[in-house]
1. Before we move on, is V5 assigned to a strand (DSSP E or B), more than 16 Å from ligand 2 (Cβ to nearest atom), within 15 Å of the chain's Cα centre (by Cα) and modelled with pLDDT of 95 or more?
2. Please find, within the range 102-152, the residue that is nearest to E240 (Cα to Cα) out of those that are assigned to a strand (DSSP E or B) and more than 18 Å from the chain's Cα centre (by Cα).
3. If I ask for residues that are in a helix (DSSP H, G or I) and either under 25 Å from A111 (Cα atoms) or out of contact with any helix residue (DSSP H, G or I) (no Cβ under 8 Å at 6 or more places or on another chain) (or both), which ones from the range 68-88 would you list?
4. Report those strands (runs of 3 or more DSSP E) wholly inside the range 163-265 carrying at least 2 residues which are under 26 Å from A38 (Cα atoms) and among the β-branched types (V, I, T).
5. In this structure, does E45 turn out to be without any contact (Cβ under 8 Å) to a residue 24 or more places away in the chain and within 25 Å of P152 (Cα to Cα)?
6. Look at the range 182-218 and say how many of its residues are under 16 Å from N15 (Cα atoms), within 10 Å of ligand 2 (Cβ to nearest atom) and either small (G, A, S) or touching a strand residue (DSSP E or B) at 6+ places or on another chain (Cβ under 7 Å) (or both).
7. Has the range 18-37 got at least one residue that is at positive phi, in a loop (DSSP other than H, G, I, E, B) and crowded, with 22+ Cβ neighbours inside 10 Å?
8. Would you say H188 is crowded, with 23+ Cβ neighbours inside 10 Å, under 17 Å from E321 (Cβ atoms) and either at pLDDT 95 or above or within 10 Å of ligand 1 (Cβ to nearest atom) (or both)?
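The values are calculated or read from the model by the stated rules, or taken from the named source; none is laboratory data. Because the structure is a prediction, the values reported are computed rather than measured. Every residue, glycine as well, gets a Cβ built from its backbone with ideal geometry; the counts of neighbours run over all protein chains shown.
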Amino acid sequence: MRILVTGGAGFIGSNFVYYELKNHPDDKIVCLDALTYAGNLHTLESAMQNDNFKFVKGDIADREAVYNLFEQEKIDIVVNFAAESHVDRSVENPEIFLKTNIIGTSVLLDACRKYGIRRYHQVSTDEVYGDLPLDRTDLFFTETTPIHTSSPYSSSKAAADLLVQAYHRTYGLPITISRCSNNYGPYHFPEKLIPLMISRALADESLPVYGKGENVRDWLYVEDHCSAIDLIIRKGKDGEVYNIGGHNERTNLEVVKTILKVLQKPESLITYVTDRPGHDLRYAIDPTKIHNELGWLPTTKFDDGIKKTIKWYLDNKPWWEEILKGDYQNYYEKMYGNR
Ligand code: NAD
Ligand code: TDX
């Protein structure tokens, strides 16, 4: 099998590349990534040693480059991770989210139609369902929950999902979509909550918690997301949407306090800052469908996964310290300076 992994130099895509190379050593993985601020070739250094892995730098919205790649590589399966993925950046500047997440997806879909494909898989998010109230812990997102987005990011992801479904219905393109809850684990870019808090706590810097810190996210260890996508692309039913999550709901404050406890840092580092505009209250996934149809179950509970993740950040300081040195300082000042 020849698998095109777009966005494979980012957080989840790179973990997926390693998951596939380990679990399906006979498959060939081609990674297409534009290496935006979120893409990092250091992450793929060990994959580069593997003859079954090839990296190609390119933009999924560049039609000519994408068509050339499909012509050369004879792709069987596309797994599209490539995206602008940070909600706060989408609030600052929505346009690039529309270009990559919507136009980029449409170019990939056109390439699949033109060159033929066994399966196109869209990596989507639970954020397309909007949010759930904090006081209704009995409610969960299912695959039939209506799309109801909040941010430019989630709206662009929802638009992409609708396009993918349209290409299935109109052109008969074989597709699947997965909608996962918040991931955490190795290679997570330090603008996102968990790696941001770990890196700042280690430097004894203030930890910016939005609002009262009571928003709830449903955290999934990244390897469990990879195992779910792997099952879907090989055994999932054509045309279907699968929700992925492991019932690991935590308030943001709980997450930050857990990190402080593991690192033995004081809670006085917590600083409450102005809330994110349009901040979704609670995400919670019902993963019954993927469990019943494909037998998927997550293996890592949050209390273990967060310790593994903190250990990874302690053992791999050069990886994230390099990121913090670059443009990141300007980003942090811009986003948090007057908050
Ligand atoms: P990320 O921001 O860490 O990585 C995105 C990758 O895509 C980077 O390597 C970047 O260089 C690349 N990229 C961006 N624009 C591109 C373009 N135009 N052409 C080619 N490559 C491009 O993101 P992530 O957290 O790994 O998320 C991956 C996917 O999973 C996204 O589609 C996201 O919406 C989805 N998702 C993420 C989470 C999460 O918690 N992080 C949860 C559910 C779904
Ligand atoms: O400094 C911060 N302080 C804070 O309180 C940051 C960066 C975040 N937060 C809060 C906002 C959210 O409630 O923490 C929560 C998690 O924030 P993010 O890490 O930015 O993730 P989120 O907005 O939940 O979106 C993530 O999960 C769904 C990914 O970034 C998306 O790509 C994915 O689709």
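1. So V5 fits the description; yes.
2. R119
3. Residues satisfying the conditions are N68, L69, F70, E71, Q72, E73.
4. Filter on the range 163-265 gives 175-180.
5. For E45, the condition - without any contact (Cβ under 8 Å) to a residue 24 or more places away in the chain and within 25 Å of P152 (Cα to Cα) - is not met.
6. Number satisfying all stated conditions: 3.
7. no
8. yes
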